1. First check a/c for segment 100-218, with a ≥ b ≥ c the square roots of the eigenvalues of its C-alpha gyration tensor; if it is under 1.5, answer rounded, and if not, answer prolate when a/b is larger than b/c or oblate otherwise.
2. Taking 0.36 nm per residue of sequence separation and subtracting the Cα-Cα distance, how much length would be gained by fully extending the chain between R51 and D142, in nm to one decimal?
3. Roughly what angle does helix 67-77 make with the longest principal axis of the chain, taking Cα atoms, 0 to 90 degrees, to the nearest 10?
4. So, in nm, how far is label T9 from label T188 when the simple model puts each one 7 Å beyond its Cα toward the Cβ?
5. Which one of V107, V85, V33 has the biggest mean-square fluctuation once the chain is modelled by GNM with Cα springs under 10 Å?
6. I'd like the carbon and sulfur percentage of the solvent accessible area for segment 91-198, probe radius 1.4 Å, heavy atoms only, ligands and nucleic acids excluded.
7. Leaving ligands and nucleic acids out of the surface, order S203, S180 by accessible area at 1.4 Å, largest first.
8. Any idea of the accessible area per residue across the chain, 1.4 Å probe, to the nearest Å²?
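The values are calculated or read from the model by the stated rules, or taken from the named source; none is laboratory data. Please read all numbers here as calculations on a predicted model, not as lab measurements. As a convention, Cβ positions derive from the backbone with ideal geometry for all residues, glycine included, and neighbour counts pool all protein chains shown. For accessibility, only protein heavy atoms count, side chains too; no ligands or nucleic acids. Shrake-Rupley method; radii C 1.70, N 1.55, O 1.52, S 1.80 Å.
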Amino acid sequence: MVDFPALRTKMVDGQVRPNDVTDLRIIDAMGEVPRENFAPDDQKPLAYLDRDLPLGAGRAPRVLIQPMVLARMLQYAAIKPTDKVLEVGSASGYGAAVMARLAGSVVALEQDGDLATIARRQLSGLANVAVVESSLVKGVRDAAPFDVIIFNGAVVTFPDAIADQLAKGGRLLLVEEGGSAPWAKIYTRDDAGISGRALFNASVPVLPGFEAVETFAF
């Protein structure tokens, strides 16, 4: 029998706390949410390893991103209890479940029907979470603006359409591929527009629709 609560505690103490995550609300949330509930049966025993967790749905590789990467992005996001959050590529809903304990409301955007169904089931007890099944690249304009937007995966091309849904003073966090190495970055909006800066190295699979644009040579 796998002792999931003990593994969850080891994840928090060994992966989250040592990586500059000091917000006790994040630490408590990741210590409470059972990550194994959002994993396929064959992956449940591996739910607390220091790695992306494959979900095996759809043609593109989909994962729950590495716990440390999620925790550090949440630290930089500085989610307040009144914030409205959009998670892009929510997959089976683990990130949304964690953020629901930090934010006023969370919109979990997922385009894979099977994953969206799992997310709805697992998040059904949380009144402040709405699962939206729609194209990832479009965001959820009807619910914008958002105080925080977090991507559960990487992008190669910057998501301008989604960045337009960020509120003034808002924070957008994602992993950008390209260049010498992928980086987790934060973008903020002010009166002058959107500006960003690199935070830390992170490697996660690219979300569907955010891959490199193909070019043709003649």
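1. Judged from the Cα gyration tensor, segment 100-218 comes out oblate (a/c at least 1.5, b/c at or above a/b).
2. Full extension of this stretch gives 29.4 nm more.
3. 50
4. Simple spin-label model gives 3.8 nm for this pair.
5. V33
6. Carbon and sulfur: 47 percent of the exposed surface of segment 91-198.
7. Listed by decreasing accessible area, they come as S180, S203.
8. About 46 Å² of surface per residue is accessible.
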